[in-house]
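Any read-out appearing in this document is the output of simple, stated calculations on the displayed coordinates, not a laboratory observation. All values derive from a computational prediction rather than experimental measurement. We place every Cβ from the backbone using ideal geometry, glycine too, and count neighbours over all the protein chains shown.
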Amino acid sequence: MTHADPPDGSPEASPPPGNRLRARAAWAAIALQFRGAPVGATLLFATTLSVGVLPAAAAWLTKLLFDELGHGAHTDTHRAVFLGIAVAALGALSAILLQLSAYLDELVRRRLVVEVERTLFAKVDTFHGLRRFEDPAFHDRLRLAQQACEDAPHNITMFAQEAVRAVAAIGAFTGALLAVWPPMVGLLFLVGAAALLARLSLARRQAVVWELSSARLRRHLFYRSLLTDPRAAKEIRLFGLGGFMNGRLVRALGDATEAQLAVARRGALVQSAFAALNAVLAGLGTVVVVVGAARGRFTVGDVTLFVAAAAGVQGAFTGIVLQAGTAAEGVRLFGHYLDLLDTPDDLPRGGAPVPALSGSLELRDVWFRYDPSGPWVLRGVNLTVPAGTATGLVGRNGAGKSTLIKLLCRFYDPERGAILWDGTDIRAMDVTELRRRIGVTFQDYMTYDLSAAENIGIGDLAHREDRERIHASAALAGIDGTLRGLPEGYATQLSRVHRGEEDGATGVTLSGGQWQRVALARSLMRRDADLLILDEPSSGLDPEAEHEVHRTLGRHRRGRTALLVSHRLGALRAADRIAVLVDGEIAELGSHDELMARTDGHYARLFTLQAAGYASDGDRSRPAEAAS
């Protein structure tokens with residue numbers, strides 16, 4: 001049967017929302033500081049304020065000390081000694097508070113990173129579908145959000161702390177400057193404000209460069225991981241790809257680095273110019289005050305107070321300027337973090353309960369494509385799988401088998417049509433509960449760097465520690481004896497990259513076929529699954545092992561609803577019905593014998609060709625037996 005393409009009326013995926021207001025990012029980062037480490041953040045605020053005020057107090061006491069010493073024979077020795085001790089005490093207190101502030105800052109920073117990263121990946125876990133994870137633009141946004149996790153909140157809160165310290169210092173020192181030479185206040189504020197505006201402009205440019213470089217840096221990380229990935233090591237060495245991959249790695253990193261260096265050079269020139277201007281300004285003010293002291297207008301204490309106050313105000317402005325730059329970059333990057341937190345799920349969660357499958361699973365006129373402008377992968381699929389029966393699904397590569405499995409697991413929703421679970425559209429059902437009722441062995445199964453027991457147990461987290469169930473699942477998949485024979489049995493780490501989490505012991509690796517059985521055992525952990533989907537569960541096994549696995553699985557799935565996908569057609573002969581998928585449509589449907597009776601059908605032709613490959617040249621009479 002043939003269908004015409006439906007009108008292109010399905011809505012495109014909504015674009016990611018734009019960055020929120022910078023003020024929201026700044027306040028959110030500061031609020032996170034107090035949420036992640038409330039006591040530490042409060043103490044840090046108090047010590048920062050104290051560190052800002054103490055230098056000004058020390059400068060005033062120093063002025064009084066020098067003025068007292070300037071009285072010559074009339075100096076009050078007791079008062080001078082008291083002032084000297086007070087200056088030393090303030091110096092010691094400042095040093096202690098600086099160390100305490102440094103520790104509190106590190107404590108708050110680490111708690112911030114944990115809190116922000118926990119929130120970020122909790123949000124990522126709320127994306128129930130796969131569309132986000134298969135979108136390069138989303139990965140760029142995710143990388144910027146991850147980068148924000150590392151530094152941005154800390155940089156923003158550091159600016160807030162620096163602003164508190166600087167305001168305290170400037171407020172305290174400004175009084176001294178006004179008392180000695182008031183014009184100096186206006187000049188310092190003018191130069192400081194100009195430097196701050198210039199630094200903020202550079203920070204915006206730097207943040208833009210980071211955003212534009214995100215894709216290059218992600219590619220650099222990709223090549224770096226390839227060069228150290230043990231799974232890629234064989235081909236890289238066999239085909240001599242090391243230099244080629246390394247060249248791409250360096251080029252991706254170099255392109256991103258050059259753009260960042262250009263901004264850094266511009267920033268260095270601008271800030272150097274302002275530093276020189278500040279030096280000239282300080283020199284001018286010092287000359288004016290020294291001349292005034294020589295003419296009797298100022299005391300020696302006034303000169304020392306002026307020099308300390310000018311340096312204090314300039315230092316406070318410099319601190320604000322430097323922190324403002326990194327904070328502005330942080331605000332923009334943190335906007336990506338907040339932006340990602342606001343990103344809606346790509347699938348409606350659904351809320352209806354999911355009953356045990358007792359009637360049938362039905363695909364009704366299902367159309368699907370991965371991109372609104374791309375080709376249709378499924379074109380009006382109609383298929384009913386009665387509860388308690390096994391249906392085989394065959395087709396060439398690219399026919400849509402894996403896509404159909406993704407839709408059944410509701411990683412995507414059809415653009416047209418519906419998938420019905422006992423007559424109810426699965427889009428209306430709670431997606432998490434739906435998936436709990438499905439056990440799947442994917443063709444592209446995962447190999448986790450965990451222990452053998454955990455590799456299987458995570459198939460059903462509620463029973464992850466149930467060794468009896470783990471062993472039974474492994475036995476069904478034909479891997480129990482192999483895992484028991486490992487150095488630490490089921491506790492053995494299945495990895496050569498990571499050591500065991502508990503004992504730090506070096507792990508072992510399994511063969512491809514053994515890993516496939518572990519993945520199969522993982523899916524079999526769900527004893528109460530209503531739907532069992534096996535996508536090429538024996539493709540990596542030898543014929544004897546394949547026969548044994550299918551014989552065991554045949555007993556296990558008896559009475560269960562099963563969808564069996566395999567390129568080895570002989571493995572599907574025991575299925576109640578076999579559906580042949582051709583170009584996104586169900587072209588044939590029937591039992592093995594019914595489909596073989598159609599001598600000109602797709603299934604009969606594929607089965608005969610595959611069976612002939614197993615048979616010897618001198619014996620063409622055993623294709624079915626050989627294929628099975």
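Here are a few things to note about the model shown:
- Dividing the helix sum by the residues of the chain, where each DSSP H run of 4 or more adds -39500 (n - 2.57), gives a mean residue ellipticity at 222 nm of -20500 deg cm²/dmol.
- The chain: angle of helix 300-341 to the longest principal axis, Cα-based, in degrees nearest 10: 10
- Simple label model, 7 Å out from Cα along Cβ direction - Val582 to Glu258, nm: 5.3
- For Arg551 and Arg35, a Förster radius of 56 Å and the Cβ-Cβ distance give a FRET efficiency of 0.50, rounded to the nearest 0.05.
- Amide H contacts under 5 Å for Leu563, placed H, 5+ residues apart: Thr391, Leu532, Ile533, Leu534
- Listed from fewest to most Cβ neighbours within 10 Å, the set Ile30, Ile470, Ile156, Ile85 follows the order Ile85, Ile30, Ile470, Ile156.
- Spatial extent of the chain: Rg and Dmax, with the Cα atoms as the point set, Å: 35.5, 126
- In degrees, nearest ten, helix 467-476 long axis to first principal axis of the chain (Cα): 50
- Average Cα contact separation per residue, region 22-341, under 8 Å, 6 or more apart, as relative contact order %: 35
- Per-residue HN-Hα couplings for region 271-286 [Karplus 6.51, -1.76, 1.60; θ = phi - 60°; Hz; x = Gly/Pro]: 5, 5, 4, 5, 5, 5, 4, 4, 5, 4, 5, 5, x, 4, x, 4
- Angle between the chain longest axis and helix 77-124 axis [Cα atoms, degrees, rounded to 10]: 20
- Its residue count N sets the reference 2.2 N^0.38 Å, and the alpha-carbon radius of gyration of region 445-526 equals 0.96 times that reference.
- Put in order of Cβ neighbour count within 10 Å, fewest first, the listed residues His602, His78 become His78, His602.
- Semi-axes of the equivalent ellipsoid for region 133-187, Cα gyration tensor, largest first, Å: 45, 11, 4
- Exposure proxy ranking, count of Cβ atoms within 10 Å, fewest first, for Lys401, Lys63, Lys406: Lys406, Lys401, Lys63
- Scattering from region 22-341 was approximated by placing one identical point on each alpha carbon and applying the Debye formula without solvent; log10 I(q)/I(0) at 0.15 1/Å stands at -1.22.
- Point-to-point label distance, Arg364-Thr42, nm (Cα→Cβ direction, 7 Å offset): 6.0
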